[in-house]
Amino acid sequence: RGLQLGTELRFLTENNSNGKIWGDFLSDDDRIKEDRWQFDVETESFLSHGWRASVLAVGVSDNAYYDDFSSRLSTTSQTSLNRSIDFERYSEHWSMMVRLQDFQTIDPKIDLDQEPYAQLPQIVANGRWRDGFLGLDYSLDTETSYFYRDDSVKGARLHLKPAISLPLEGPGLYFVPEIA
């Protein structure tokens, strides 16, 4: 098939950011007369003000790449490849996440209307307050997402779930009535 070059870069910084960037490239595959490539990126970075960013992205040049070059069933049976960027922050009462996510569909048998939706963006914020007024626990779970797919229905979803609970605990048992 020709000369295939591969490389892997790993890094670790002083603030514990880390990652792996990996790729293969085959110039002018002898069988199909096209360039073939694959990349895989996994990074985690610690930003200011308690934020963390992570990137997970995989891509291939064509739908047959794994069939032609992989010997692992778990790789050749994949139907789509994830590409996402997450920003997360955790504090005493709140956890927050912003995600941008898309997929490369590599199974030619999947109809366009069955391909996964992109989430551009997904925003999640969850709050927890323990042992508050009258000994109650309070929480608020929120999520909003905008779903997108070419030639398909597009739309937004908003989910809000406030809750109040009263944890009752004793030796060997607990009971937590909740209204949400």
Original post:
Hey, rough spin-label estimate for residue 28 and residue 131, points 7 angstrom out along Cα→Cβ, what's it come to in nanometres?
Top reply: 7.3 nm
**OP:** List the pair-distance distribution P(r) of the stretch 1-49, using every Cα-Cα distance, as the percent of pairs falling in each 10 Å bin from 0 up to the bin containing the longest distance, rounded to whole percents.
**Re:** 24, 34, 22, 15, 6, 0
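Computed FRET efficiency, Cβ-Cβ of residue 75 and residue 150, R0 25 Å: what is it to the nearest 0.05?
0.45
What is the calculated FRET efficiency for residue 56 to residue 95, with r their C-beta to C-beta distance and R₀ = 25 Å, to the nearest 0.05? Provide the component values of the computation, followed by the final result.
On the way: r = 19 Å, r/R0 = 0.76.
So, using R0 = 25 Å, E works out to roughly 0.85.
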Subject >> Surface share of carbon and sulfur [accessible, 1.4 angstrom probe, percent] for the chain >> reply: 56 percent
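Whole-Å semi-axes of the stretch 52-123's equivalent ellipsoid, largest first, each the root of 5 times a Cα gyration tensor eigenvalue?
Details: eigenvalues 182, 42, 16 Å².
Working through the eigenvalues yields semi-axes of 30, 15, 9 Å.
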**OP:** List the aspartates and glutamates whose Cα lies under 15 Å from the Cα of residue 161, skipping any in the same chain that are fewer than 8 positions away.
**Re:** 137, 141, 143, 178
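Using the alpha carbons of the stretch 117-169, what is the convex hull volume per residue in cubic angstrom, as a whole number? Before the final figure, lay out the partial values.
Working: hull volume 4.1 nm³, N = 53.
In the stretch 117-169, the Cα hull volume divided by residue count equals 77 Å³.
Where the eigenvalues come from the Cα gyration tensor of the stretch 1-82, what are the semi-axes √(5λ) of the equivalent ellipsoid, largest first, in whole Å? Please list the in-between numbers first.
Values: eigenvalues 190, 42, 18 Å².
Taking √(5λ) for each Cα gyration eigenvalue gives 31, 14, 10 Å.
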Original post:
When the Karplus curve 6.51 cos²θ - 1.76 cosθ + 1.60 is applied with θ = phi - 60°, which whole-Hz ³J(HN,Hα) does each residue of the stretch 78-95 get, with x for Gly and Pro?
Top reply: 5, 9, 8, 10, 6, 9, 9, 10, 10, 10, 10, 8, 10, 9, 4, 10, 10, 10
**OP:** Specify whether the C-alpha gyration tensor of the stretch 105-146 places it in the rounded, prolate or oblate class, a ≥ b ≥ c being the square roots of the eigenvalues: rounded for a/c under 1.5, otherwise prolate if a/b is larger than b/c and oblate if not.
**Re:** prolate
Subject >> Stokes-Einstein translational diffusion, the stretch 69-180 - Kirkwood Rh over all Cα pairs, 1.002 mPa s, 20 °C, in µm²/s >> reply: 122 µm²/s
Original post:
If you wrap a convex hull around the Cα atoms of the stretch 1-149, how much volume per residue is inside, in Å³?
Top reply: 159 Å³
Original post:
How long is the gain from residue 112 to residue 8 if the chain were fully straight, where each residue apart is worth 0.36 nm and the alpha carbon distance is subtracted?
Top reply: 34.1 nm
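Run the helix sum for the chain: -39,500 (n - 2.57) per DSSP H stretch of 4+ residues, divided by residue count, reported at 222 nm to the nearest 500 deg cm²/dmol.
After summing the helix terms and dividing by residue count, I get -1000 deg cm²/dmol.
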**OP:** Over the chain, calculate the relative contact order: mean separation of alpha carbon pairs under 8 Å at least 6 apart, over the residue count, as a percent.
**Re:** 11 percent
Original post:
Once you put a point 7 Å from the Cα of residue 163 and another 7 Å from the Cα of residue 142, both along the Cβ direction, what distance in nm separates them?
Top reply: 1.8 nm
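The values are calculated or read from the model by the stated rules, or taken from the named source; none is laboratory data. This structure is a prediction, so every number in the text was calculated from the model and none was measured. With ideal geometry, Cβ positions are generated from the backbone for all residues, glycine too; neighbour counts draw on all protein chains shown. Note: areas computed on protein heavy atoms with side chains; ligands, DNA, RNA excluded. Shrake-Rupley method; radii C 1.70, N 1.55, O 1.52, S 1.80 Å.
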